[in-house]
1. What value in Å³ per residue do you get for the convex hull of the alpha-carbon atoms in region 45-138?
2. Considering only protein heavy atoms, what is the solvent-accessible area of CYS113 at a probe of 1.4 Å, reported in Å² to the nearest 10?
3. Mind checking the per residue accessible area of the chain for me, 1.4 Å probe, whole number of Å²?
4. Who wins for biggest fluctuation among PHE132, PHE35, PHE50 in a Gaussian network model of the chain, springs between alpha carbons below 10 Å?
5. Under the definition of Cα pairs under 8 Å and six or more residues apart, what whole-number percent is the relative contact order of region 16-123?
6. Taking the chain as the reference, fit the longest principal axis to its C-alpha atoms, fit the long axis of helix 80-98 to the helix C-alpha atoms, and give the angle between the two in degrees, 0 to 90, nearest 10.
7. Which value at 222 nm does the chain reach when only helices count, each DSSP H run of 4 or more adding -39,500 (n - 2.57), with the total divided by all residues and rounded to the nearest 500 deg cm²/dmol?
8. Specify which residue in the list ILE86, ALA114, GLY75 is farthest towards the positive end of the charge dipole of region 4-123, using unit charges on the beta carbon of Lys, Arg (+1) and Asp, Glu (-1), about the Cα centre.
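The values are calculated or read from the model by the stated rules, or taken from the named source; none is laboratory data. Since we're looking at a predicted model, the values are computed, not measured. Methodologically, a virtual Cβ is constructed for each residue, glycine included, from the backbone with ideal geometry; neighbour enumeration extends over all protein chains shown. Just the protein is used for accessible areas: all its heavy atoms, side chains included, with ligands, DNA and RNA removed. Shrake-Rupley method; radii C 1.70, N 1.55, O 1.52, S 1.80 Å.
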Amino acid sequence: MVKSKTFFQIRKWAIFLIIATILSILQSTPGLFEFFGIRPILLLPFAISFSMFCNEKSAAFMGLFCGALWDCSSGRLFGYSSVILIFCGVAVSMICSYIANRNLLNAMVLIFCALLIYNFFDFLFRYVIWNFDYTWSILVFHMLPTIVYTVLISPILYLFCRWLYVKLTVSSKNIDYLG
């Protein structure tokens, strides 16, 4: 049986989208991975790790999908996270294509930068703009520990994403064409 390249592309995208959906469920499950009341963000490191291995269009689509899943489960305005993740994913894809190597250290730095960008806009539009009391305590006791916790677990997501991407790419290159 001859399998086309389209079959392998569909299979690769289906696997990555299912994994993003599972990560969304894990991220929104109350009490799961909670450490002193702080839970990590799982979708952002996954989208950034995926973006390191693909082109800009694929990175934008994964950012859109992960952001939409995140918005559905977090109660934010639909599309808010998608816009930020599309921007970060495309930027990471371009950085890894033209400037930086794809390795664990760069992944952690890029995930940290994406988390800073996301949390900056989140802090600005959800707290500062409305002039809530104790906004700086939210930043210090909730947002910064979440960033640190997410960066500490991001190597797991990066290594899994790299392993899966390499496995799926190698299997798609071993296509036996007739003629």
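1. Working: hull volume 9.0 nm³, N = 94.
Each residue corresponds to 95 Å³ of Cα convex hull volume.
2. 60 Å²
3. Values: 10240 Å² over 179 residues.
Accessible surface, normalised per residue, equals 57 Å².
4. PHE132
5. After rounding, I find 26 percent.
6. The two axes meet at around 50 degrees.
7. On the way: 7 runs with 125 residues, N = 179.
Roughly -23500 deg cm²/dmol at 222 nm, from the helical runs in the chain.
8. ILE86
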